[in-house]
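Derivation of every value follows stated rules applied to the coordinates shown; laboratory data play no part. For clarity, every value in this text was computed on a predicted model and none was experimentally measured. Don't worry about glycine lacking a Cβ; one is built from the backbone with ideal geometry, like all the others, and counts go over all protein chains shown.
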Amino acid sequence: MLDGKRILLVIGGGIAAYKVLELIRRLREQGARLDVVMTKAAKQFVTPLSVASLSGGKVFDDLFSLTDETEIGHIQLSRAADLVVVAPATADLLAKMAQGLADDLASTLLLATDKKILVAPAMNLRMWLHPATTRNVAALRKDGVLFVGPEDGDMACGEYGPGRMSEPAAILSAITTALQGETRIALPPDIGRAEKPLAGRRLVITSGPTHEPIDPVRYIGNRSSGKQGHAIAAAAAKAGADVTLVSGPVALPDPPGVSAVHVETAAEMLAAVEAALPADIFIATAAVADWRVETAAVQKIKKSSAPPQFALAENPDILAAVAQRRSNRPRLVVGFAAETENILAHAREKLQHKGCDLIVANDVGRAMGREENEVTLVTPSGSESWPEMRKDEIAAKLVRYLAQMLKDRSDA
């Protein structure tokens, strides 16, 4: 029954801790895998070296060990087990469990675990019979904590009565019985699920710059990093959307959970966007080059005494092309306005001229290449300014904003 099972053993500070060494030996013989946590008091009765030698692994005792937090973490440690066993379970540990206290590694694990807990109490008979302990035990039983013992017997203090920890064989039997049933404690059905306000929605977003070739080695471009667009794509995917990211040349990995299409030029970006439609939301975050060289050179242009002359052609306006579609127009079309002056005035003009539903305006000097941004949302009905925050924070907030806009339009 125990072969391959993982037990988290919490050793409390009582004289009965010496029995735990025999319990560890028996658990290992049965094939169980052990993680062991000792309280500060437990180390006064048995040494971590003895416990580690028998358990075959490291003994944990420090809630704030940076190494342990990096390698395992107290949350992961508490949830990797199939069953949590507390032996000996002192009056202090039972009280902490009943009251939900967490002031050391052991009590924190007991509060954070998602597995059933089996306790083997051990204490002086008057401590066991004290009304406070009686109340704590009743509360723990009601919470689903499993008990083995205590037994009647001789105490280390010379008294006789209830409070003696069960023998290792009895604890082993109780562990085996507990593992025969389901030991994972599920959360309530409406708790622990990430909010998915864009579940079932399709979103297309452009990000980064475009590079318009002059010759095989030179291009017209800009300093857009793509950080804001990629952050919005990631936030939308996390919110449950089916996301297609059309990205110009950036030094960023594709966000998890999105379908990425990589392009170089504005014409390629427009073609990729049209291929990705229809969608519920289109967000034009990319800093598309306004012009391209009408005829790019086939060979590298050599330096000469006179600078070369280029005829420029206007690139397609991707935002306007999508916003003004007569068929398959997304329900929400969002543009970004990267300005250097008169930001709100230019954003309002762009909103009307392009025919989109929302413009996210920002000072290009404060945004390009930086981790932070400060934006103003402009709609036909007004504007809303957001304070400076990280681009991923803006992304998450914008996704919630757009989800609410869609909901409002559906309810209207």
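General observations
- Cβ-Cβ FRET estimate between LEU187 and ARG400, R0 fixed at 25 Å, reported to 0.05: 0.60
- Computed on the stretch 6-178, the Cα convex hull volume stands at 101 Å³ per residue.
- Where trypsin sites (Lys or Arg not before Pro) fall in DSSP loop in the stretch 311-409, at most 10 other Cβ within 10 Å: ARG326
- Residue by residue, the stretch 171-178 carries 3J(HN,Hα) couplings of 5, 4, 5, 5, 5, 4, 5, 4 Hz when phi is fed to the Karplus relation 6.51 cos²θ - 1.76 cosθ + 1.60 (θ = phi - 60°); x denotes Gly or Pro.
- Pair-distance distribution of the chain: all C-alpha pairs, bin width 10 Å, starting at 0; shares per bin in whole percent are 4, 18, 20, 11, 11, 14, 12, 7, 3, 1, 0.
- Label point at ASP152 placed 7 Å out along Cα→Cβ; residues across the stretch 80-108 whose backbone nitrogen lies under 12 Å: none
- Centroid-to-centroid separation of the stretch 1-63 and the stretch 230-288 [C-alpha atoms, Å]: 52
- Only one residue of GLY14, SER381, PRO255 has its Cα farthest out toward the positive end of the dipole of the chain, where Lys and Arg carry +1 and Asp and Glu -1 on Cβ, and that residue is PRO255.
- Applying the Karplus relation 6.51 cos²θ - 1.76 cosθ + 1.60 with θ = phi - 60° to the stretch 102-110 yields 3J(HN,Hα) values of 8, 10, 8, 4, 4, 5, 5, 4, 5 Hz, where x marks Gly and Pro.
- Built amide H within the under 5 Å cut-off of ARG33, gap 5+: GLY4, LYS5, ARG6, ILE7
- Here the spin labels are modelled as points 7 Å beyond Cα on the Cα-Cβ line, and at GLU339 and ILE15 they lie 8.1 nm apart.
- At an R0 of 60 angstrom, the distance between the Cβ atoms of ALA52 and LYS302 translates into a FRET efficiency of 0.25.
- For the stretch 22-30, backbone phi angles converted through the Karplus equation (6.51, -1.76, 1.60; θ = phi - 60°) give residue-by-residue couplings of 5, 4, 4, 4, 5, 4, 5, 4, 7 Hz, Gly and Pro being listed as x.
- Neighbour counts of C-beta atoms inside 10 Å place VAL273, VAL20 in the sequence VAL273, VAL20, starting with the fewest.
- Peptides 113-121, 142-150 ranked from most to least packed by the mean count of surrounding Cβ atoms within 10 Å: 113-121, 142-150.
- Order of GLU212, GLU341, GLU159, GLU393 under a 10 Å beta carbon neighbour criterion, fewest first: GLU341, GLU159, GLU393, GLU212
- The dipole here belongs to the stretch 6-178: it is taken about the Cα centre, uses +1 on the Cβ of Lys and Arg and -1 on the Cβ of Asp and Glu, and is about 300 debye.
- Residues of the stretch 212-241 with amide N under 12 Å of the 7 Å Cα→Cβ point at GLU195: 239
- Applying the criteria of a DSSP loop state and at most 13 other Cβ atoms within 10 Å to the trypsin sites (Lys or Arg not before Pro) of the stretch 255-322 yields LYS300, LYS302, LYS303.
- Listed peptides 174-183, 102-111 by packing density, highest first (mean Cβ within 10 Å): 102-111, 174-183
- Amide hydrogen neighbours beyond the local backbone of LEU358, cut-off 5 Å, H modeled: VAL333, GLY335
- Calculated FRET value between THR379 and ASN222, using beta carbons and R₀ = 35 Å, to 0.05: 0.85
- Across the cross-link table entries LYS5/LYS40; LYS5/LYS58; LYS350/LYS397; LYS96/LYS142; LYS40/LYS96; LYS354/LYS407, which are compared at the Cα atoms, the separations over 19 Å belong to LYS5/LYS40; LYS350/LYS397; LYS354/LYS407.
- Residue-averaged [θ]222 nm for the chain, counting only DSSP H segments that reach four residues, each worth -39500 (n - 2.57): -10000 deg cm²/dmol
- The residues packed around GLU212, meaning those with a beta-carbon under 13 Å from its beta-carbon, carry a net charge of -4 if Lys and Arg are +1 and Asp and Glu are -1.
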